[in-house]
């Protein structure tokens, strides 16, 4: 049997070398069926065959064959974490979320240090349950206001209730406390509908009817008649962005009785002008960099698609924001008036006049709302109020061209409700660039660090080649290093634009700086690969390996390594010289309430056990400069982006005892050897921070804590607290 198995392996290798992956797969399977001992010896080469075969099948859209191959592979290797993870990814892609969950969970149970499986598991949880559920349910101000409004409004044993967008069913359970005749709740998410069913049953509300449909898809016969009281919390930072107007119009036409009522009763949306250079720098190119690029009159804003505003926790900005006008009421709406709802959504435009409180600049417009649940119960999201509800952020209308104002100036603002979502009219012609490019260019500290290296780089390169012969690859979001060298007479630049809009912007800048475009090659998007560089050699390779969210871009990291080792001439310059991974252990209530539910915040209903399994272990896009937290350790170096694969325990000095919430993670970049390092943990950095959530039950004490750093073969990593098994 062993001899036959070895012959099968020999045949499999021959088929593999010829690219005949189906035959190679079959012969490996026959070998493994005949010899269990063969399986661990040839696992790696078999995995490569499976990957190649399924990649080819995926191109041909042969999904059933891919599923069959993974199933057969797992029969031979039932505890192989890589096959479990790959099968999970495949099931995830095909929409089989429950099965994908099981495979990711099995992989992590076998090896908790496997980073890719954990990232895939997090992605699945993010898809199934949106993160805002946690902060909304943890908002006691919002919850108790709704509870009081329901108690003040609902008539026991008479009212019939309809709960639109029920989520976990909390509002329905509040209604249940008042003994209505019947409660029907609906939600478009299958996961949330199933969760609400389980939660309401556990909390002795078994008679609640949960329907897994959008309210606009429900027929009257499905709920058994019209309802006299409708409850909803379908609001976003811009009030109307969750299609609440369309949903209520449909409900009044089809599901609410003539004498019915709605909670909230009314709502009002406010706007106010503000000056916040931090926010403005996220959406518009700042004047100093425009002057440097020789495009001072160009209005350059972030490229968006369907988004008309962004959402931010404005109250966290403190002294970084100055309110330049009093808030003005833009829209008032009575949810209990069908006629008013129809007029509102059909109206072409809205305008308001604000008055400048002082002389200065208005460079952003902030929006917030009041929900008048009843005549006596109000919720506000006003960022200036200590009694605001934190379930919702504030709306940021980011296309407002900065304007200078004098005290008492009247500033008109114009809006529309396109598709039921607030939109601010644009002021002038605007050039659009990707968020990555804009944030990179607005990171003046990083650009200054690049500029500070130019002289040293030119001296270094001058020892090996004339300036007129220097060839450069600069794969940063904007090729600032390459632009500097071209202006000094370098021969050529190869760079990458994220979008076609970025490419057009690059060309405008090059022309403004008298750069001959024939010396510049601009690749666009992510379609290019390392193979496109052919056999070319370059004197400088400058690669950015970070995504704006704070994660490492594994594709760019792999390309950077390839360019450094295969396309950099001997003695050439590779930037950055090194990147260190930094970390700090912290306690943060803000991170807590955004990542796990505490039942005391939902009137002690038993909800957390159902929602908290959807917690994720890693969060991105965190601005540490505006994050509320208490440090439990000093910042510590936890390795580099070139660390070897595997796990390593790092001792981190503690400065305070306590239960940790998370490990904050950022990077320290050394652009050139012996140059001053620059950290990404600073305001206005083009790279956000990431956090790795920790077990809140682990109390840190003593002089040090141990952090476990885990690195996958592709370079992806994670951090977690290391606790010795007992």
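For the reader, a short list of remarks on this structure follows.
- Filtered residue count, segment 133-176, keeping only those that are surrounded by fewer than 24 Cβ atoms within 10 Å (Cβ to Cβ), in contact with a helix residue (DSSP H, G or I) (Cβ under 6 Å, 6 or more places away or on another chain) and assigned to a strand (DSSP E or B): 0
- Residue match in segment 378-393 (condition: closer than 14 Å to residue 236 by Cα and not in a loop (DSSP other than H, G, I, E, B)): yes
- Filter result for residue 491 (over 30 Å from residue 401 (Cα atoms) and surrounded by 14 or more Cβ atoms within 10 Å (Cβ to Cβ)): yes
- When the helices (runs of 4 or more DSSP H) confined to segment 1-96 are screened for residues that are within 35 Å of the chain's Cα centre (by Cα), those reaching at least 2 such residues are found at 43-59, 63-76, 81-94.
- Considering only residues in segment 678-693 that are assigned to a loop (DSSP other than H, G, I, E, B) and in contact with a strand residue (DSSP E or B) (Cβ under 6 Å, 6 or more places away or on another chain), the one that is nearest to residue 122 (Cα to Cα) turns out to be 688.
- Note on segment 630-645: among residues that are surrounded by 19 or more Cβ atoms within 10 Å (Cβ to Cβ) and part of a loop (DSSP other than H, G, I, E, B), the one that is modelled with the lowest pLDDT is 641.
- Within segment 198-299, helices (runs of 4 or more DSSP H) holding 2 or more residues that are free of Cβ contacts under 8 Å to residues at least 60 places away in the same chain: 220-223, 244-254, 287-292
- Residue check: residue 387 meets all listed conditions (1) more than 28 Å from residue 329 (Cβ to Cβ); (2) touching a residue at least 60 places away in the same chain (Cβ under 8 Å) but one, namely (1).
- Meets criteria (at pLDDT below 95, crowded, with 18+ Cβ neighbours inside 10 Å and touching a strand residue (DSSP E or B) at 6+ places or on another chain (Cβ under 8 Å)) for residue 373: no
- Criterion applied to 271, 365, 262 was being buried (at least 21 other Cβ atoms within 10 Å of the Cβ), within 30 Å of residue 185 (Cβ to Cβ) and at pLDDT 95 or above, and the one residue passing it is 262.
- Residue that is farthest from residue 662 (Cα to Cα) [pool: residues in segment 694-726 that are assigned to a loop (DSSP other than H, G, I, E, B) and touching a helix residue (DSSP H, G or I) at 6+ places or on another chain (Cβ under 7 Å)]: 714
- Residues located in segment 319-341, provided they are assigned to a helix (DSSP H, G or I) and free of Cβ contacts under 8 Å to residues at least 24 places away in the same chain: 319, 339, 340
- Matching residues, segment 646-677, being buried (at least 21 other Cβ atoms within 10 Å of the Cβ) and either outside the structural domain of residue 594 (by TED's automatic domain parsing) or part of a strand (DSSP E or B) (or both): 652, 662, 663, 664, 665, 666, 667, 669
- The residue that is nearest to residue 484 (Cα to Cα), counting only those in segment 293-305 that are touching a helix residue (DSSP H, G or I) at 6+ places or on another chain (Cβ under 9 Å) and surrounded by fewer than 18 Cβ atoms within 10 Å (Cβ to Cβ), is 294.
- Scanning segment 679-705 for residues that are at pLDDT below 95 and closer than 21 Å to residue 286 by Cβ yields a total of 2.
- Taking segment 464-478 as the range and being in contact (Cβ under 8 Å) with a residue 40 or more places away in the chain and not in a helix (DSSP H, G or I) as the test, the residues that pass are 464, 465, 470, 471, 472, 473, 474, 475, 476, 477, 478.
- Qualifying residue in segment 236-243 (condition: over 26 Å from residue 329 (Cβ atoms), surrounded by 15 or more Cβ atoms within 10 Å (Cβ to Cβ) and modelled with pLDDT of 95 or more): no
- Qualifying residue in segment 526-545 (condition: out of contact with any strand residue (DSSP E or B) (no Cβ under 8 Å at 6 or more places or on another chain), surrounded by fewer than 20 Cβ atoms within 10 Å (Cβ to Cβ) and closer than 25 Å to residue 446 by Cα): yes
- Of the residues making up segment 342-350, none is assigned to a strand (DSSP E or B) and buried (at least 21 other Cβ atoms within 10 Å of the Cβ).
- Verdict on residue 464 being at pLDDT below 95, surrounded by fewer than 22 Cβ atoms within 10 Å (Cβ to Cβ) and in contact with a strand residue (DSSP E or B) (Cβ under 7 Å, 6 or more places away or on another chain): yes
- In summary, residue 308 fulfils each of the numbered conditions (1) surrounded by fewer than 21 Cβ atoms within 10 Å (Cβ to Cβ); (2) in contact (Cβ under 8 Å) with a residue 60 or more places away in the chain; (3) outside any loop (DSSP other than H, G, I, E, B) with the single exception of condition (3).
The values are calculated or read from the model by the stated rules, or taken from the named source; none is laboratory data. Just so it is clear, the model here is predicted, and its values are computed rather than measured. Counting neighbours? That spans all protein chains shown, and the Cβs are built from the backbone with ideal geometry, glycine included.
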